[in-house]
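Structure first, commentary second.
All of the numbers you see were taken from the coordinates with simple rules; none came from a lab. Given the structure is predicted, the values throughout are model-derived calculations rather than measurements. Every residue, glycine among them, receives a Cβ derived from its backbone with ideal geometry; neighbour counts consider all protein chains shown.
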Amino acid sequence: MKHLTPAAFALSIAVAPGTFAQSSAIDVTSETARSVSPALEEYTSKDLYGGVWTRPDLSARDRSIVTVASLIARNQASDMPAEFDRALENGVTPAELSETITHLAFYTGWGNAMAAVNVTKEIFDQRGIDMEQLPAADPELLPLDEEAEADRERRVQEAYGDVSQGVVDNTRDLLFRDLWLRPALEPRDRSLVTVSALISTGKVEQMPFHLNKAMDNGLTQSEASEVLTHLAFYAGWPNVFSALPVARDVFEARAQQ
Amino acid sequence: MKHLTPAAFALSIAVAPGTFAQSSAIDVTSETARSVSPALEEYTSKDLYGGVWTRPDLSARDRSIVTVASLIARNQASDMPAEFDRALENGVTPAELSETITHLAFYTGWGNAMAAVNVTKEIFDQRGIDMEQLPAADPELLPLDEEAEADRERRVQEAYGDVSQGVVDNTRDLLFRDLWLRPALEPRDRSLVTVSALISTGKVEQMPFHLNKAMDNGLTQSEASEVLTHLAFYAGWPNVFSALPVARDVFEARAQQ
Amino acid sequence: MKHLTPAAFALSIAVAPGTFAQSSAIDVTSETARSVSPALEEYTSKDLYGGVWTRPDLSARDRSIVTVASLIARNQASDMPAEFDRALENGVTPAELSETITHLAFYTGWGNAMAAVNVTKEIFDQRGIDMEQLPAADPELLPLDEEAEADRERRVQEAYGDVSQGVVDNTRDLLFRDLWLRPALEPRDRSLVTVSALISTGKVEQMPFHLNKAMDNGLTQSEASEVLTHLAFYAGWPNVFSALPVARDVFEARAQQ
C-alpha cells in the first residue's frame, strides 16, 4: 500500500474520473481511523475511496445507490450521514433517496427505514430540500406488466396461500401492484436497491428472482458484477462470497436463453 | 393509498377494535416520516398501523410481543422505547416484558438483551414499576416434560456431543431445564417470542423445532400465519419469504399426523 | 441459580483462575440489569461472567478476542467500550486490537470497523496509547504459502472469475497476498477472529474453509469447541446451532486424514 496524506487523498478524489464528491466527513474519519489503525486508514483511502469507487464498470451515482441501500439494509445509522450526503453530491436526487428509503421499509424492515428517515431529515433540512422535491404519496403508477405479475402471483399463491394468505395479499397489493409501480425510482434503480439489500443481508434465497428482474429492468451483467465488487467492502467479503454462486447460476441461465 | 392526517390517524387507532393504544412517539415519527417520504408516512399510517395491526387473527397484545421480540432480535434500540411502551399499553405485563428480554439474551445474544435492558429501565422508572412486579431470579419452575426433554437431549448429545459438549451441557442446564421452565412467560408466549426472533434474524434452520414447539404449546396455525404477515413489516419481506417454505413444511407435517 | 451480590461477583472474578480483569462497566450494567430483570442479572453474573468465561479450555485472552470479533461482526457499538477495555486487561495488545478491527473491515464490512474505530480511539486516548504501539500500515509481510495460495486462487478464479473478476482480484491482492500476511496478528489469532465473526453473523457457508485454516494455523479442536460454547452467549444460541453441524463435518473430515 502506498500512503496518501489526507490532502493527497482529497486530491485523488477530486481528479479521479467518474468519482464522487468530497465530503467533510471523510477527513474526520480518516484522521480517527489513522489514530487507531494506520493500515485501515490506508486501505480506506487507497483501496476503497481511491480504488473500488473509481472503477469504471459502475458509475459513482450507482455506487452511491448501492452503498445507501447496503447501509439501510444493515441499519448502520452512524455511516448514513456521510454516505447520504455523498449520494446527493453524486447525482442521486432527493426524490430518489426518499423513494429508496420507502422501498427498503418493505425489503429490510420498517425500523431500518425509520432510522434512515431520521438521518435524511437533517440532511434535507440543511440543504433546504422541501416536500415539493419529494415523491407524492399517491402518484400515477407505472403500467403493470399484467402477464409477468399474473405469473408471479399464481406461483406465490400456490406455494404459500395456505401458509399465510396475509403475506400473499400484501405482497400483491402493497409491493407488486403499488410500490414497484411508483415512478420515483426507475425500475432498474429499484432493482439495484433491492439486489444490493439482499446481498448485504445474506438473503440469497431471494436473489435469483430479483437479480433476474434487475437484468430484465436493464442492469447489465458487468454492472451486476461490479455491484458485488463494491459490496465486498460495505457488506463484508463473506456476504459477497455467499452471493457469488447464486449470481453465477443466474448469469449462466440467462446466457443459455 | 388514502391519505390520513395525523389527527385522523390517531382517531382511526382509537376506534379500531382490538388495536393498540396511541403513543406520543407515533406523531413525532409520523411528522418526520412525512418530511422525508410522504409515501412512507402513508404506508405507515394506513397499511402498518391502520392495516396489519388491526387484523383480527392475532391480538394487539400478541402483535406487541412479536414486535418487541423482532426489535430485540434485530437490535433496533431506537425503535424500542415507543414499541415497548405500546406493548405495556396493549396488555403485556412488566413481568412479561422483563422475561422476554431475559429469554432473548439466550436466543439473540447477550448484547441485544442488554440494549433492551437500558431502554426498559427508563420506561420502568417513568411508570414507577419496581422489582416486586418483576419475575424472581429463582422462582419455582414449571414441571418438566421429562420424556420430550430426554428425547431432545439425546438427539442433541448424539449429534453434537463430540463437537462441543459445552454447548450441549448449557443447552440442557440453562435453556431446557431452567429458562424454558420459568413461569413468568406462558410456554406459548415464550415460543411466540422465540419463533418471532428466529424469523426476524433469518435463522430458519431452527424454525421447524420451535414452530412445532410453539404449536404444541398452543399457538394456532392462523396465529402463526398472522405472525408472518406482521413480521413482513418489521423484519422485511425477504426474511418472511425465507420462512414461508419452512412454515409450510411444518403445517403440512402436522396436518398429516 | 445461586444469587451473587455485586461484591461477591467481583470477588469471584478476582479469584477465578485464568479469568478476566474487573471492569467498572460491569457493576453499572449489573445494577441496571437487576432493576429490569433480576434473572438476567443472575444469569450474567453466574453463568456468563462466573461461568463460561472461567472455563479452562480457552484462555481469557482468547475469549476476549472472540468477544471483540463477535461485537464488531454484529455491530454492537454500545457493548464495545467495556469489552474492548476488558480485552486490553486480559492481555490483548493495542496492536492486536487495532489489527482485529482492520481485519474485520474486510470480513464484516467497512462500517462495522469504523464503528469500532470510534470506540477504540477513546480507549486509546484514555490509556495514552499512541501510534508507535500500533501496527504499521506497510510492514514487512509474513512469508506466503505459495502452493496453498495458488490452489485457493485457482479454485476461486475457476468458480467466480466469470461472475466478478473484481471480487476475485481483490480477494487475492488485498486479502490473501496482503491482509492475511500482516504480522500484527498471529495467523492463528487472525483465524480465530475470522471464525468468530462468521459464526456470529450466521455465515456458515464460509466456515469449512476458515475453520480448517484456523486449525491448520494452530487452533486446537478443544479450543474451537469452546469458541462455540462462548459464542452461544454473545451471538445467541441459534447462530451456534447453525454452526454445530458445519464444525462437526470439519472435525470429522480432519480426523479421517
| Which value, in Å³ per residue, describes the convex hull spanned by the Cα atoms of the protein assembly as shown? | 162
| field | the protein assembly as shown, dipole about Cα centre (Lys/Arg Cβ +1, Asp/Glu Cβ -1), debye to the nearest 20 | value | 140
| task | Quick one: compute a quarter of the convex hull surface over the Cα atoms of segment C:42-145 and quote it in nm². | result | 8.1
| message | Report D for segment B:191-241 in µm² per second (integer): Stokes-Einstein, Kirkwood Rh on Cα pairs, 25 °C, 0.890 mPa s. | response | 230
| field | Pairwise label distance in nanometres, residue B:257 with residue B:131, each label 7 Å out on the Cα-Cβ vector | value | 4.1
| query | Cα-based Rg of segment B:140-181 per 2.2 N^0.38 Å, rounded to two decimals? | reply | 1.15
| query | Helix A:207-216 sits at what angle to the longest principal axis of chain A, using alpha carbons and giving 0 to 90 degrees rounded to 10? | reply | 90
| request: Per DSSP H run of n ≥ 4, the term is -39500 (n - 2.57); total these for chain A, divide by its residue number, and report the mean residue ellipticity at 222 nm rounded to 500 deg cm²/dmol. | output: -20000 deg cm²/dmol
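When the convex hull of the Cα atoms of chain A is projected onto a plane and the area is averaged over all directions, what value comes out in nm²?
Result: a mean projected hull area of 15.0 nm².
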| message | Please enumerate, by chain and number, the aspartates and glutamates with C-alpha under 15 Å from the C-alpha of residue A:203, excluding those fewer than 8 residues away in the same chain. | response | B:205, C:205
| task | Quick one: dipole size for segment A:141-181, taken about the Cα centre, charges +1 on Lys/Arg Cβ and -1 on Asp/Glu Cβ, in debye to the nearest 20. | result | 120
| query | Roughly how tilted is helix C:237-255, in degrees to the nearest 10 and between 0 and 90, from the longest Cα axis of chain C? | reply | 50
| note | Cβ density ranking, 10 Å radius, fewest first, applied to C:30, B:191 yields C:30, B:191
| query | Which ³J(HN,Hα) values, rounded to whole Hz and listed in residue order, are derived for segment A:171-178 from phi using the Karplus coefficients 6.51, -1.76 and 1.60 in 6.51 cos²θ - 1.76 cosθ + 1.60 with θ = phi - 60°, glycine and proline given as x? | reply | 4, 5, 6, 8, 8, 8, 10, 9
| said: Please give the Cα centre distance for segment A:31-68 versus segment C:154-184, rounded to the nearest Å. | reply: 18
| Ordered by packing density, taken as the mean number of other Cβ atoms within 10 Å over each peptide's residues, highest first, how do A:170-181, B:199-210 rank? | B:199-210, A:170-181
| message | Please rank A:29, B:67, fewest neighbouring Cβ atoms within 10 Å first, as an exposure proxy. | response | A:29, B:67
| query | Using the scaling law 2.2 N^0.38 Å as the reference, what is the normalised Cα Rg of segment C:170-257? | reply | 1.08
| remark: Using the Kirkwood radius over Cα pairs of segment B:106-214, the Stokes-Einstein translational diffusion coefficient at 10 °C and 1.306 mPa s, in µm²/s and rounded to a whole number, is 100
| field | Between helix B:146-160 and chain B: long-axis angle, C-alpha atoms, 0 to 90°, nearest 10 | value | 80
